[in-house]
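Working notes, structure below.
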Amino acid sequence: MGKKSLTLLIGILLAAALTLAGCGGGGGSEEKQQGVPGTGGMAAEQVLTYNNGTEPETLDPAKMTGIPEGTVAYALFDGLTRMTAKGLEPAIAKSWDVSEDGLTYTFHLRDAKWSNGDPVTAHDFEFAWKRALDPDTLSEYAYQLYYIKNGQAFNEGKITDPNQVGVKALDEKTLEVTLEAPAPYFLSLTSFYTLFPLHRATVEAHPDDWANSPETLVCNGPFVLDKWEHQAKIELVKNKNYWDADSVKLDKVVLTMVEEESTYLTMWENGELDSIEQPPINDIPRLKQEGKLQIKPYLGVYYYIFNTKKEPFDDVRVRKALALAIDRQAIVEKITKRGEKPALAYVPYGIPDAEPGSDFREIGGDYFKDNDIETAKQLLADAGYPGGKGLPPITILYNTREDHKIIAEAVQEMWKKNLGIENVTLTNQEWQVYLDSRDEGNFHVARAGWIGDYFDPMTFLDMYVSTNLQNDGKWSNAEYDQLIAAAKSTGDQKARMEAMHKAEKILMDEMAIMPIYFYSHAVCEHEYVKDTYWNPLGPPDFKYAWIAKH
Amino acid sequence: MLQYTIRRLLAILVTLLVIATLTFVLMHCIPGGPFASEKELPPPILQNINARYHLDWPLWKQYFDYLAHLARWDLGPSFKYESMTVNDIINNGFPVSATLGGIALGIAVIFGITAGIIASMNQYKWQDNLVMFLATIGFSVPSFILASLFIFVFSYKLGWLPAALWGSPQQVIMPALALSALPTAFIARMVRSTMLEVLAQDYIRTAWAKGLSGGLVVYRHALKNALLPVFSYLGPLTAQILTGSFVVERIFAIPGMGRHFVTSIANRDYTTIMGVTIFYSIILLLANFLVDIAYAYLDPRIKVAGGKE
């Protein structure tokens, strides 16, 4: 991430943080989009072709979980708010009030229409959220709504009366949401697809297949579904009934489903595609040299998990020694090459801290030194394995993929060269087998990655609470658990952030996991494509995108 | 003949049942499940999902339930793609794969036989050497390399053809060629060797001695016998090529069904694994059956057991 884009990102987050502060009535929507030139600079044909990678599993926002699905969802729908390059913008909600205790949000909705002309009402939100939480809907991402009062209990079947769930349409245009506990990031969650409104009549008429065809997919966003050729492409056209249709410049968006990296790169270089992401790793140096590669922020971290229930990884000194003996700078420069940053902590850059404009990572800083061989050697000797002698054999587990393999080989080599550890072997397993091994604790050291769900450190930190399902290394620390619980129980951003910084320090002092690098988004987009928003959570947003004359 | 046909069809049904059973058992033996992911689902949500798809039933019950649906050709919903049933996946994908495969098969048969004849008529001359050289390349270069090479040359360098996707005639050329390379080479080699064998037979020498023209000798006397082995190879080849290729479909982003043979297993999409496996088996068994029936007519030496003399 260049300095410029970092500053930009901080700006975005500052804007998000400001809206989070609860100064309701923040209707910035009247403000017109900046930077869109008059029709003079625009190409006559406003069609954008983006390779969305693969067939979406579903287009029902309540049921989707992946990035290809998200891309379509952000094009078809508009939530209460929308994350944009300028920060969190009011969308269907034109303003909102937050109660003193941070538990009650009252959203005031603007006059917006569904693609079939019906008005978008607060009831549509209430219906959609309760539907996502309904156990019968089988929403895998229902837990994105657990912040809402009784959301979890209803989803788990502990209560059966949906009226006890803390979301209520007070009238057509007012939505009241009650939270389980203060969660200042709740506002940014309302821009997430699980929380999109749904057109009740259509969904009730076709409960299982309303999102499968253009005839029944009623939506409220910048585009509508025009064609869905399974495994080939999806075509979207501009939604004439969209409340902010004036801001939408594209007439058509074509989302292709080309999986093979070298094929979509060729298509992009040929001009058959306007925009792609994740070009093949072997082409990165060339693309960089030709100035064709853009690096965008991505809220994710690549790391190794230690199985803290197995010797010798139950010894913090061994874990630290192994973590310190890695040269992360070399890994990101020589292996991954997509502009990643070495991770000397766990929570990635790009998440706002308590102070407006501040970044959680920058305030937290680094928790250890990269490639600190001397300290690593000393720690290993202290643990009783001087020069790696006497250390039981170590296996690095990763899911079968070329880049994981190369990184694992580099780590193996660094441990050997820097610490004298000879008996490190690599094991690769097919994805599902690997997930199973991780779950069952059948590993020594396992590769892992995590992409945030929302803009708050909690999306990373609560995974390492003793009881969390994702905590595959079974690391457990009472003080850590307490700090996370404390941060979850208050709406005071300062206190929350302080608790989370402390928690992260414990996680890193204990080296429960070994961070390697922070992800980045490698994007190739032709110069004539303007104003695509590359959301650091993954899916790009084409609401404001347009094609310049070329 | 009728008795034979009935017996063969019954055998096909039994074979299908065995295949379905083995696939069902094997697929439940491998670790993981359709709803496992790196972001683990809270147990209550997972329980709901398993209950909906009957994954919480004992395996034997799931098995018989599946067979009952299978008997009605109801292959169930795809676990991975909510928007499609397995029947949809096959109904959407098979016509695409079959179109592409049919064209590739046509190329393979026409060019393979022609090249084989030319080579055999010119044994050890340059024509023979050229054909055998090309056949060796077609034989040994994997289709993913050919496919990438085609894209590089014809799309990237020359810009003549679109690199991928499906819908226009131009988009058929490269995948069809990539798909046909191996069978073309195989057929060419096979035709060459059987032709050489046949051409050395006494009756061919007699034909030459009678002063028949080369074309007539080849067409009327040699070719019919030389093509019999090719014909038996066509059964499995047809089944394989019509149901699509994972590699070619992936590289050219073709919405066929070939990719599902691999991806459904990676996704543990149980219903799709079963559906595409059984569908492929049906095509394969039928193709072999038809070849066997046709053989009885083509080759007078073969008599159907139990058939009338």
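The values are calculated or read from the model by the stated rules, or taken from the named source; none is laboratory data. Values in this document were obtained by computation on a predicted structure and should not be read as measured data. Reconstructed Cβ throughout: ideal geometry from the backbone, glycine too, with neighbour counts over all protein chains shown. Keep in mind that these areas ignore ligands, DNA and RNA; they rest on the heavy atoms of the full protein, side chains included. Shrake-Rupley method; radii C 1.70, N 1.55, O 1.52, S 1.80 Å.
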**Asked** Has the range A:49-71 got at least one residue that is open to solvent by less than 10 Å² (accessible area, probe 1.4 Å), hydrophobic (A, V, I, L, M, F, W, C) and in contact with a strand residue (DSSP E or B) (Cβ under 6 Å, 6 or more places away or on another chain)?
**Response** no
**Item:** Qualifying position, being away from every other protein chain (no Cβ under 14 Å), open to solvent by 20 Å² or more (accessible area, probe 1.4 Å) and among the hydrophobic types (A, V, I, L, M, F, W, C), among A:Ala503, A:Ala478, A:Ala499, A:Ala487
**Value:** A:Ala478
**Asked** Which of the residues belonging to the range B:1-31 are among the small types (Gly, Ala, Ser) and either within 18 Å of B:Tyr295 (Cα to Cα) or open to solvent by less than 40 Å² (accessible area, probe 1.4 Å) (or both)?
**Response** B:Ala20
**Asked** From the list A:Asp453, A:Asp353, A:Asp436, A:Asp359, which one is under 28 Å from B:Glu38 (Cβ atoms), open to solvent by 20 Å² or more (accessible area, probe 1.4 Å) and either away from chain B (no Cβ under 14 Å) or modelled with pLDDT under 95 (or both)?
**Response** A:Asp436
**Request:** Working carefully through the options A:Glu229, A:Glu140, A:Glu156, find the one that is farther than 22 Å from A:Lys488 by Cβ and out of contact with any Lys or Arg (no Cβ under 8 Å at 6 or more places or on another chain).
**Result:** A:Glu229
**Message:** Looking at the range A:207-254 only, could you name the residues that are part of a strand (DSSP E or B), away from chain B (no Cβ under 12 Å) and in contact with a Phe, Trp or Tyr (Cβ under 7 Å, 6 or more places away or on another chain)?
**Reply:** A:Leu236, A:Val237, A:Lys238, A:Val253
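Residues are listed down the side, and each one gets a yes or a no for (1) in contact with a Phe, Trp or Tyr (Cβ under 9 Å, 6 or more places away or on another chain); (2) in a helix (DSSP H, G or I); (3) of a type outside the set (A, V, I, L, M, F, W, C):
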site: A:Ala495; (1), (2), (3): no, yes, no
site: A:Met508; (1), (2), (3): yes, yes, no
site: A:Ser520; (1), (2), (3): yes, no, yes
site: A:Leu537; (1), (2), (3): yes, no, no
site: A:Lys543; (1), (2), (3): yes, no, yes
**Complete:** In the range A:96-136, anything open to solvent by less than 20 Å² (accessible area, probe 1.4 Å) and either within 14 Å of chain B (Cβ to nearest Cβ) or polar (S, T, N, Q) (or both) is listed as A:Thr121, A:Ala132, A:Leu133
**Residue under evaluation A:Glu259, criteria (1) part of a loop (DSSP other than H, G, I, E, B); (2) farther than 30 Å from A:Glu45 by Cα; (3) within 14 Å of chain B (Cβ to nearest Cβ), criterion not met** = (2)
**Asked** Among (1) away from chain A (no Cβ under 14 Å); (2) part of a helix (DSSP H, G or I), where does B:Gln47 come up short?
**Response** (1)
**Request:** With the condition kept exactly as written, say whether any residue in the range A:474-488 is in a helix (DSSP H, G or I) and within 21 Å of A:Tyr302 (Cβ to Cβ).
**Result:** no
**Prompt:** When you scan the range A:73-178 for strands (runs of 3 or more DSSP E) that lie fully inside it, which ones turn up with 1 or more residues that are touching a helix residue (DSSP H, G or I) at 6+ places or on another chain (Cβ under 9 Å) and of a type in the set (Asp, Glu)?
**Reply:** A:87-90, A:167-171, A:174-178
**Fill in**
The residue from A:Ala211, A:Ala232, A:Ala181 that alone is among the small types (Gly, Ala, Ser) and open to solvent by 10 Å² or more (accessible area, probe 1.4 Å) is A:Ala181
**Prompt:** What helices (runs of 4 or more DSSP H), lying completely within the range B:184-285, carry at least 3 residues that are open to solvent by less than 50 Å² (accessible area, probe 1.4 Å) and within 14 Å of another protein chain (Cβ to nearest Cβ)?
**Reply:** B:246-251, B:260-267
**Message:** When you scan the range B:235-252, do you find a residue that is farther than 30 Å from B:His28 by Cα and at pLDDT below 90, even just one?
**Reply:** yes
**Request:** Output the residues belonging to the range B:32-79 that are out of contact with any Phe, Trp or Tyr (no Cβ under 8 Å at 6 or more places or on another chain), of a type outside the set (S, T, N, Q), at pLDDT below 90 and open to solvent by 50 Å² or more (accessible area, probe 1.4 Å).
**Result:** B:Pro43, B:Arg52
**Item:** Check on A:Thr467, open to solvent by 10 Å² or more (accessible area, probe 1.4 Å) and within 15 Å of A:Thr308 (Cα to Cα)
**Value:** yes
**Prompt:** Is it fair to say A:Ala325 is out of contact with any Pro (no Cβ under 6 Å at 6 or more places or on another chain), buried (at least 20 other Cβ atoms within 10 Å of the Cβ) and within 30 Å of A:Pro393 (Cα to Cα)?
**Reply:** yes
**Request:** Starting from the range A:301-324, take each residue that is free of Cβ contacts under 8 Å to residues at least 12 places away in the same chain and list its partners that are open to solvent by 10 Å² or more (accessible area, probe 1.4 Å), counting only C-beta distances under 9 angstrom and pairs at least six apart or across chains.
**Result:** A:Asp314/A:Thr308
